[in-house]
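Quick notes on the structure that follows.
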Amino acid sequence: MNAPARKGAAGGGRGPVAALVLVAAGVFAFLISYSVLAMVLRGGSVDGGGIAGVGAEGRRDPVVRMPEWMRKAGGARGRRRPFHVALTATDAAYSRWQCRVMYYWYKQMQARPEGADMGGFTRVLHSGKPDGLMDEIPTFVVDPLPAGKDHGYVVLNRPWAFVQWLQKSKIEEEYILMAEPDHIFVKPLPNLAYDNDPAAFPFFYITPSEHEKIIRKYYPEERGPITNVDPIGNSPVIIKKTLLEKIAPTWMNVSLQMKEDQETDKAFGWVLEMYAYAVASALHGVQHILRKDFMIQPPFDKKLGNTFIIHFTYGCDYTLKGVLTYGKIGEWRFDKRTYQDRPPPRNLTLPPPGVPESVVTLVKMVNEATANLPRWDEGL
């Protein structure tokens, strides 16, 4: 037999043995790797003794124990993190009936098991004197701006109201939800903020990048890119109380400066105070988690989806065939502005067939609240 043939024969004879050795080595390496990984994951060390997959209590974990740092992090998210609901309002009839509906649904949702994060509630009344809802809704009375300072723009009182409330009241919760009278909770709201990252709803009509020239009057280039200014207003926002205490005075000052500047006032109009909050937050280096599921705005948002709040700021006008006639009074309509000086009647007519579920749900929820609120027709 020639040399090549002998070499081939010898190699063939060693084949099964070599294969067994390789398999054994692979299994051994896997067991060592698994033991080391298990010990590291459970917070131990490679040479710290113990058996892989066995906890300090002597119980065997099904796979490996969750690392202690991961367990603590998960526990932090699992803990109840209540927020205080702060609702700014006036004593006008238009504001009062909306506050009553809003508070009714807050209580309904807070009472559900999933409502554990929904803490206390305060209506921050910036009319300077008590009104007829003091016994029904927890209320803290603050002063309005000095006469003429709001230039007829009543929401300019909102940041000033928050400054006073934060300074003078005792708030037990670590977080605050800034809300408005025309908000209705459709399901329990969890705390969407995480530590120093507040949560906010992104508004399609708040566009800092399109108004960079104006924004730079209050947020100069050396402070950072225009993208630091979030496309938000102050509500709905869930934020740490300590952060809001820093932002609120700046928000107030920026709002007043914007209102007194003709170019800014003309450009921002009725959303000026919203831009002011976004700018004030950026000045303090605070950016928000943008949550589109925070709320919907009928009639443009047609489905409830996974939202938490209905914001009924727009009028809902439809034909009797369920066709939207926005900008034109419909054969069927619900518009909060219809009820400036009195509350809407109980048992509003439901929308006609074909109207989106967001609008139908809104009217049904208003009807349920008004049916259960005492002395509704008196317009407290």
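Computed from the coordinates by the stated procedures, all read-outs in this text should not be read as laboratory data. Note that the structure is a prediction, hence the values are computed from the model and not measured. Cβ: placed from backbone, ideal geometry, glycine included. Neighbour counts: every protein chain shown.
Computed quantities for the displayed model
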| quantity | calculated |
| --- | --- |
| Highest average packing first - 320-330, 214-224, Cβ atoms within 10 Å | 214-224, 320-330 |
| Modelled FRET efficiency - R0 41 Å, Gln257 with Asn372, Cβ distances, 0.05 increments | 0.40 |
| Ranked by how many other beta carbons lie within 10 Å on average, peptides 183-196, 341-354, 125-138 from highest | 183-196, 125-138, 341-354 |
| Restraint check, Lys187/Lys246; Lys149/Lys266; Lys240/Lys292; Lys241/Lys364; Lys187/Lys303; Lys107/Lys302, Cα-Cα greater than 23 Å | Lys187/Lys246; Lys241/Lys364; Lys107/Lys302 |
| Candidates per trypsin sites (Lys or Arg not before Pro) in the range 89-151, loop by DSSP, up to 15 other Cβ within 10 Å | Lys149 |
| Of Ala282, Ala267, Phe294, farthest towards positive along the dipole that unit charges on Lys, Arg, Asp, Glu beta carbons give the range 254-315 | Phe294 |
| Set of aspartates and glutamates with alpha-carbon distance to Lys213 below 19 Å, sequence-local pairs under 8 removed | Glu221, Glu222, Asp230, Glu260, Asp261, Glu263, Asp265, Glu273 |
| Sparse-neighbour loop sites [GluC sites (Glu not before Pro); the range 240-346; at most 13 other C-beta within 10 Å; DSSP] | Glu331 |
| Relative packing of 266-272, 81-87, which averages over residues the other C-beta atoms within 10 Å, highest first | 81-87, 266-272 |
